[in-house]
């Protein structure tokens, strides 16, 4: 079975893999809901048109951080399973980048945990995004942290 959290090369993990893995978890018979977040490539950013994204990671550390987030959030009341799977590689507009899944006893329990999982992986995981954009000044490529001061 594939890992429950971590980074994967584009094409090696799918939404169907995530759903199958979630339903096979110990205790899933107690689940009444699965909440999912699917992050996709947005077509515009900061006044430019996105041509593509390149995602890289410090893979070992990213796997560790994502696994720790999932293990931490799984301890919350009513939560049965939490999984975060981030894809790496080159992506076109509209393609899937990340899958986050939370299974729990009731919908009221899963939505706050789903939001926390998304916010935490974005802040804590060493995953790096390079945007290739077209602006009125031409084509430009930058790591997303670089544009914060522009």
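Every number here is computed from the coordinates shown, using simple stated rules; none is lab data. The structure presented is a predicted model; accordingly, all values stated were derived computationally and were not measured. Note that each Cβ is placed from the backbone with ideal geometry, even for glycine, and that neighbours are counted across all protein chains shown.
Numerical summary
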read-out: The chain: most fluctuating residue of 43, 138, 89 per GNM, C-alpha cutoff 10 Å; value: 138
read-out: Antiparallel %, DSSP beta bridges [both residues in the chain], to 5; value: 85
read-out: Order of 86, 8, 106 under a 10 Å beta carbon neighbour criterion, fewest first; value: 106, 8, 86
read-out: For the chain, built as a Gaussian network whose Cα springs stay under 10 Å, the top-fluctuating residue of 52, 130, 24; value: 24
read-out: Euclidean distance of C-alpha centroids, region 91-133 and region 42-77, integer Å; value: 6
read-out: Order of 107, 120 - criterion: other Cβ atoms within 10 Å of each residue's Cβ, fewest first; value: 107, 120
read-out: The chain, helix-only ellipticity at 222 nm - DSSP H runs n ≥ 4, -39,500 (n - 2.57), divided by all residues, nearest 500; value: -9000 deg cm²/dmol
read-out: Residues 80, 34, 110, 19 arranged by fewest to most Cβ contacts within 10 Å; value: 19, 34, 80, 110
read-out: Answer label, with volume of the Cα convex hull per residue in Å³ calculated from the coordinates and candidates (i) 109; (ii) 132; (iii) 141; value: (i)
